[in-house]
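Engineer: Take a look at the following structure, please.
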Amino acid sequence: MSSKKSSPLFPLRKGIHSRQAHVSLPPGTFEEEHGRQGFYGKVSHLYRQHPPTNWTEIDGPLKPRSYNLNHFIKAATDSKDLSAALKSSALGSQEDTFKPICFLKNHDVALHLVSPKSMPFYYRNADGDDLYFIHQGSGLLETDFGQLIYAKGDYITIPRGTTYRFMPDLGDQMYLLIEGFSEINIPDRGMLGPNALFDPAMIDTPEISTYQDTPGLHQVHIKRENQITKVTYPFQPLDAVGWKGDLTVMRINVKDIRPVTSHRYHLPPSVHTTFLGTHFVVCTFLPRPFEEDENAMRVPFFHRNIDFDEVIFYSEGEFFSRDGIGAGMVTWHPTGIHHGPHPKAIPLSRTKDRTNEVAVMVDTLHYLHPTPAAVAVETVNYWASWK
Ligand SMILES: [Fe+2]
């Protein structure tokens, strides 16, 4: 993404409009943002007489979609169709203890749900960087760089080519895996300065532990082009006694991310950017106060995301702007068709002074494609939920 503007034409104005976007909307109008490059590029605001999501029918493949990923874990054994879909969508490792289930992908990024058990083997992704969000569960992650204890709300970035395995605690485990086929980095904070959102000193890295070689053979399962190669060693392969440098496994918990807000202006989702890859961005929506100014909008504006597909994974709290969405569910709003707050959300937002939501958004420059597993857990009437 770039912040360059290529046109000096702004502002052109016609008819009834608000001078400040997202503030003091003309009575009876619904504001739609029509913008390029996510929320960075050229932009217009249209003041409509109806919410653009008040359709009565959509005929064709382009629809807002919603998937209930809880079914990947909780209903997997009940349905033969779902079991077959899960099998065909498990990219790479299909071992029972580590079987990522892909639900949306393009050539820049693949989104999976992972529910690991203690792994008897090690795993290495040669295809891309692995960014985990721990939605549910906790445990120990063993890596080339040492060990890391993780818990709910952690983001863990694992650079491409790193050998690792999960040793989860007892209890349900549900991790969102954002597999990026480019380096995943922390964005520049620009005018906010390097310590905003979270101080780099809040990042944890693995600790070298006492090497424990266990007798027998040890396997590393390496994924390259979604095929697994198993390499066997006669020793425990995580044998580094130390490391140095700036490429390593990193952990930050959402509790340590301090969201940026304005009491007078509804900031675009891009201010919540947590990680950047090439052609995709990861944002984190966290508990925060609503705008205080009574003329400022408190819910996301309507838009049709001209340049990005938008995916949101809902983790915790009340997702006030989306009716019928619960924890462990995903929405996908593809480029070209509108989305915005649900009808109840606008009046509801006026009765509350803060949101307690925790959600992870992945915006992708190129079109995403759902896998058979996603189709199997789709909430089919989501497109009609704005009625
Ligand atoms: Fe959006």
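The numbers here are math on the coordinates, done by the rules we state, and not lab data. On a predicted model such as this, the values are computed, not experimentally measured, just so you know. Note that we place each Cβ from the backbone using ideal geometry, even for glycine, and neighbour counts take in every protein chain shown.
Engineer: Name the long-range amide H neighbours of HIS338: under 5 Å, sequence gap of 5 or more, or other chain; modelled H, no Pro or chain starts.
Structural biologist: none
Engineer: Taking amide H positions as placed in the peptide plane 1.01 Å from N, state which residues far from ILE208 in sequence (5 or more) or on other chains have amide H under 5 Å from it.
Structural biologist: GLN147
Engineer: Taking θ = phi - 60°, what integer Hz values does the Karplus form 6.51 cos²θ - 1.76 cosθ + 1.60 yield along the stretch 14-21, in sequence order, with x for Gly and Pro?
Structural biologist: Residue by residue, the stretch 14-21 yields 9, x, 8, 7, 8, 6, 9, 3 Hz.
Engineer: If the chain between TRP243 and TYR211 were fully stretched, how many nm would it gain, using 0.36 nm times the residue separation less the Cα-Cα distance? Could you put the intermediate results ahead of the total?
Structural biologist: Values: separation 32, 0.36 × 32 = 11.52 nm, distance 1.40 nm.
So the extension gain works out to 10.1 nm.
Engineer: Next up: If the cut-off is 18 Å between C-alpha atoms, which aspartates and glutamates fall inside it for LYS14, apart from same-chain ones fewer than 8 positions away?
Structural biologist: Correct list for LYS14: GLU31, GLU32, GLU33.
Engineer: To continue, here is another question. Using Cα pairs closer than 8 Å and at least 6 residues apart in sequence, work out the relative contact order for the stretch 85-197, in percent.
Structural biologist: Values: 250 pairs, mean separation 32.4, N = 113.
After rounding, I find 29 percent.
Engineer: Still on this structure, I have one more. Past 18 Å, Cα to Cα, is the threshold; run LYS74/LYS99; LYS99/LYS223; LYS117/LYS255; LYS344/LYS387 against it and keep the listed order. Provide the component values of the computation, followed by the final result.
Structural biologist: Working: LYS74/LYS99 15 Å; LYS99/LYS223 12 Å; LYS117/LYS255 25 Å; LYS344/LYS387 10 Å.
Among LYS74/LYS99; LYS99/LYS223; LYS117/LYS255; LYS344/LYS387, the Cα-Cα distance tops 18 Å for LYS117/LYS255.
Engineer: Let me have the relative contact order for the stretch 251-387, percent, based on Cα pairs under 8 Å that are six or more residues apart.
Structural biologist: Values: 243 pairs, mean separation 38.9, N = 137.
So the answer I get is 28 percent.
Engineer: Given H placed on each backbone N at 1.01 Å, which residues far from GLU183 in sequence or on other chains put an amide H within less than 5 Å of it?
Structural biologist: The answer is THR278.
Engineer: Quick check on packing: order 108-116, 186-194 by the mean number of other C-beta atoms within 10 Å, highest mean leading. Present the calculation step by step, with values, prior to reporting the outcome.
Structural biologist: Working: 108-116: 24.6, 186-194: 11.1.
Taking the mean over residues of other Cβ atoms within 10 Å, the ranking is 108-116, 186-194.
Engineer: Next question, about the same structure. What size of dipole, in debye to the nearest 20, comes out for the stretch 265-387 about its Cα centre when the only charges are +1 on Lys and Arg C-beta atoms and -1 on Asp and Glu C-beta atoms?
Structural biologist: Details: 9 positive and 14 negative charges, 49 e Å.
With only Lys, Arg, Asp and Glu charged at Cβ, the dipole is about 240 debye.
Engineer: Expressed as a rounded percentage, what relative contact order does the chain have, with Cα pairs under 8 Å and six or more residues apart?
Structural biologist: Numbers: 897 pairs, mean separation 83.8, N = 387.
So the answer I get is 22 percent.
Engineer: Return the sequence-ordered ³J(HN,Hα) values of the stretch 105-115 in whole Hz as given by the Karplus equation 6.51 cos²θ - 1.76 cosθ + 1.60 applied to θ = phi - 60°, using x for Gly and Pro.
Structural biologist: In residue order, the calculated couplings are 7, 8, 7, 9, 7, 10, 9, 10, 10, 10, 9 Hz.
Engineer: Here is a follow-up. If one takes the longest principal axis of the Cα atoms in the chain, at what angle in degrees, from 0 to 90 and to the nearest 10, does the Cα axis of helix 80-89 lie?
Structural biologist: It is inclined by approximately 80 degrees.
Engineer: While we're here: Could you run the Karplus curve 6.51 cos²θ - 1.76 cosθ + 1.60 with θ = phi - 60° over the stretch 332-343 and give me ³J(HN,Hα) per residue in whole Hz, x for Gly and Pro?
Structural biologist: Each residue's phi maps through the Karplus curve to give 10, 10, x, 3, x, 10, 5, 8, x, x, 6, x Hz.
Engineer: Sort the following peptides by mean Cβ neighbour count (other Cβ atoms within 10 Å, averaged over residues), highest first: 134-140, 61-67.
Structural biologist: Details: 134-140: 20.1, 61-67: 18.3.
Put in order of decreasing packing, that is 134-140, 61-67.
Engineer: Would you mind putting 93-102, 376-385 in packing order, based on average other-beta-carbon counts within 10 Å, highest first?
Structural biologist: 93-102, 376-385
Engineer: Right, another one. What fraction of the Cα pairs in the chain, stated in percent, has a spacing above 28 angstrom? Show your work: numbers first, answer last.
Structural biologist: Numbers: 35734 of 74691 pairs.
Roughly 48 percent, rounded to a whole number.
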